[in-house]
Amino acid sequence: MRRVLNFIGGEFCPPASGKTLADVDPATGEVIAEIADSDREDVDAAVSAAARAFPSWRRTSAEERSKLLMRLADLVEENFDELASLESLDNGKPVSLARRIDVPRAVRNFRFFATAILHTETKCHPMDDGSLNYTLRQPLGVAGLISPWNLPLYLLTWKIAPAVASGNCCVAKPSELTPLTANRLAELAREAGIPPGVINIVHGRGAGAGRALTSHPEVPLISFTGGTQTGKDVMALAGPLFKKVSLELGGKNPNIVFGDADLEEAVAGSIPSSFANQGEICLCGSRIFVERTIYDEFLRRFLDRTKRLKVGDPQDPATDVGALISEAHLEKVSGYVALARQEGGEVLCGGGRPAGLPDRLRGGYYLEPAVISGLACSGRVMQEEIFGPVVTVTPFDSPEEAVAQANGSRYGLSASVWTRDLGKAHRVAAALESGTVWVNTWLTRDLRVPFGGMKDSGVGREGGFDSLDFFTEAKNVCVKL
Ligand code: TXE
């Protein structure tokens, strides 16, 4: 049985309490690892190690920090196959997806920020009397990084890379449901020669290690990705301590298909935006709105493709949809399919357990991708984040109606718009209440752009120089001449 220990000050160590949690393979329901169930004492030790490493790390030249992070990126790449298969094992996602998205993105995260810090600029504000104001951007100290289970290594490195590249040391708390790639990353960080204490990883539950980190007085900054409800708790704990906080929370994203869209492309693009990673991506377009003129034809083609998706063994390279993260989550997602029926919706396909799974997968958490129509936009199924392979389809008659339906949500993370009319695309994009709008695409990510949500989808923006701004403090120096 694998043992996942904390990584503090460059050493692997068990939690002070000796307590552990079971890590379960979602594909089979079997326990695959025993992980540290850390609490305040462990977080204190990790924060102390980070604080000890900080004075030297902040003085380390940007060139040297860059070199070390590039080495870490190379090591992640050299261990590509192992990391992809660990991610699939731990999360239940298809290994093909981990190979296509998760691991390559982890490599890019390190390379992107390792090189970005070599190209920073700062502002100077000269005054009429000749005095000069210039802005220093300086690291804050110990960054607290809390990441979820859906894109474990991808989102963990999205936080670690800019935090340490800009001169902070960090204490990261990965999700207790998916600790394996974080643990491997700790080994690789040591191998890359990242000095002890610069990257610390504490495993355990949100209520224990997560809250201890969020409320730690020596951690001036928290970057959190996870559920909206948890985000409220993080904000409530961090607020009175005046921490800098960035929250990437849930989504209930609209996917709007206009009658003049390239229908085949819109259908093909709507399949991954609905079901990639079992629908467990905060950016998934879980509410599809289709112009009535093409509604029937869109639905026919979309259902046809959905039914052809291969649900099953995440380690099989041919699998499109793997297992949901946990039994509790499967119950939650299935509960929404039942609720959709109660709310008067029609489940056009899926929503049940796939037939014909091999014996080995009997205990796993599988759900056939579900397409639901006939729901009111104000009902719970169309308002609450389901975070599974469940999508709703709703007709609309005008751009104004599409925008009103799309914006009729407390979330505002991302949106997709499919149309050949460029003017309409711009107008609709400007009117949508969401942090990202994709036109004729989904999940096309440029790491330089601001990324984050409006409304209940979060606070703050990360990505590119927004990340480097977040992980540094601006200091104005005024020189009287
Ligand atoms: O996430 P949590 P959960 C959504 C999705 C999902 C729901 C709950 O709808 O069904 O959130 O998922 C740590 N203080 N998303 O419960 O709890 C936790 O240990 C500090 C959307 O798994 O938000 C983990 O490391 N930390 C999302 C991380 O927070 C706490 C991705 C996220 O866990 C904590 C995941 C606390 N009080 C779920 N409680 C996205 N936007 O991508 C938990 N944690």
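The values are calculated or read from the model by the stated rules, or taken from the named source; none is laboratory data. Everything numeric in this text was worked out from a predicted model, so none of it was measured. Virtual Cβ from ideal backbone geometry, glycine too; neighbours counted across all protein chains shown.
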When region 361-376 is checked residue by residue, the ones that are among the small types (Gly, Ala, Ser) and without any contact (Cβ under 8 Å) to a residue 60 or more places away in the chain are ALA370, GLY374, ALA376
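Here's the yes/no breakdown for (1) hydroxyl-bearing (Ser, Thr, Tyr); (2) within 15 Å of the ligand (Cβ to nearest atom); (3) without any contact (Cβ under 8 Å) to a residue 60 or more places away in the chain:
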position: LEU136; (1), (2), (3): no, no, no
position: SER147; (1), (2), (3): yes, yes, no
position: LEU156; (1), (2), (3): no, yes, yes
position: VAL164; (1), (2), (3): no, no, no
position: ASN168; (1), (2), (3): no, no, no
position: ARG184; (1), (2), (3): no, no, no
position: PRO195; (1), (2), (3): no, no, no
For the structure I just gave you, tell me whether THR228 is of a type in the set (Val, Ile, Thr) and touching a Pro at 6+ places or on another chain (Cβ under 9 Å).
no
Say we look at region 378-409 and pick out the residues that are away from the ligand (no atom under 13 Å from the Cβ), surrounded by fewer than 18 Cβ atoms within 10 Å (Cβ to Cβ) and not hydroxyl-bearing (Ser, Thr, Tyr); which of these is nearest to ASN91 (Cα to Cα)?
ARG380
Lone unmet requirement of (1) outside any strand (DSSP E or B); (2) within 16 Å of the ligand (Cβ to nearest atom); (3) out of contact with any Leu (no Cβ under 7 Å at 6 or more places or on another chain) for ARG448
(2)
Considering only region 1-48, give the strands (runs of 3 or more DSSP E) lying wholly within it that have at least 1 residues that are under 25 Å from the mean Cα position of the chain (by Cα).
2-4, 6-8, 20-25, 30-36
How many of the residues in region 452-481 are in contact (Cβ under 8 Å) with a residue 24 or more places away in the chain, within 16 Å of the ligand (Cβ to nearest atom) and either under 15 Å from LEU221 (Cβ atoms) or surrounded by 19 or more Cβ atoms within 10 Å (Cβ to Cβ) (or both)?
9
Inspect all residues belonging to region 319-330 and state whether any of them is closer than 18 Å to ARG287 by Cβ, touching a strand residue (DSSP E or B) at 6+ places or on another chain (Cβ under 8 Å) and hydrophobic (A, V, I, L, M, F, W, C).
no
Among GLY231, GLY206, GLY210, GLY227, the single one that is surrounded by 24 or more Cβ atoms within 10 Å (Cβ to Cβ) and within 15 Å of the ligand (Cβ to nearest atom) is GLY210
Please work out if ASN255 is away from the ligand (no atom under 16 Å from the Cβ) and not in a loop (DSSP other than H, G, I, E, B).
yes
Residue pairs within 8 Å by beta carbon, gap of at least six or interchain, first lying in region 203-216 and under 11 Å from ASP44 (Cα atoms) and touching a residue at least 60 places away in the same chain (Cβ under 8 Å), second outside any helix (DSSP H, G or I) and near the ligand (Cβ under 6 Å from one of its atoms), listed first then second, are ALA209/LYS173; LEU213/ILE146; LEU213/LYS173
Sole miss for ILE222 among (1) among the hydrophobic types (A, V, I, L, M, F, W, C); (2) assigned to a helix (DSSP H, G or I); (3) within 16 Å of the ligand (Cβ to nearest atom) is condition (2)
Taking region 360-405 on its own, how many of its residues are closer than 30 Å to ASP421 by Cβ, of a type in the set (Asp, Glu) and in a loop (DSSP other than H, G, I, E, B)?
1
For the list (1) under 25 Å from GLY363 (Cβ atoms); (2) surrounded by fewer than 22 Cβ atoms within 10 Å (Cβ to Cβ), I need the number of the one condition that SER17 fails.
(1)
Quick check: is even one residue across region 343-350 in contact with an Asp or Glu (Cβ under 8 Å, 6 or more places away or on another chain), under 19 Å from GLY374 (Cα atoms) and buried (at least 22 other Cβ atoms within 10 Å of the Cβ)?
yes
Tally the residues that are β-branched (Val, Ile, Thr) and either within 10 Å of the ligand (Cβ to nearest atom) or modelled with pLDDT under 95 (or both), restricting the search to region 170-182.
1
ALA268 fails exactly one of the following numbered conditions: (1) over 12 Å from SER416 (Cβ atoms); (2) small (Gly, Ala, Ser); (3) buried (at least 24 other Cβ atoms within 10 Å of the Cβ). What is the number of that condition?
(3)
Could you tell me how many of the residues in region 109-162 are under 30 Å from ILE281 (Cβ atoms) and assigned to a strand (DSSP E or B)?
5
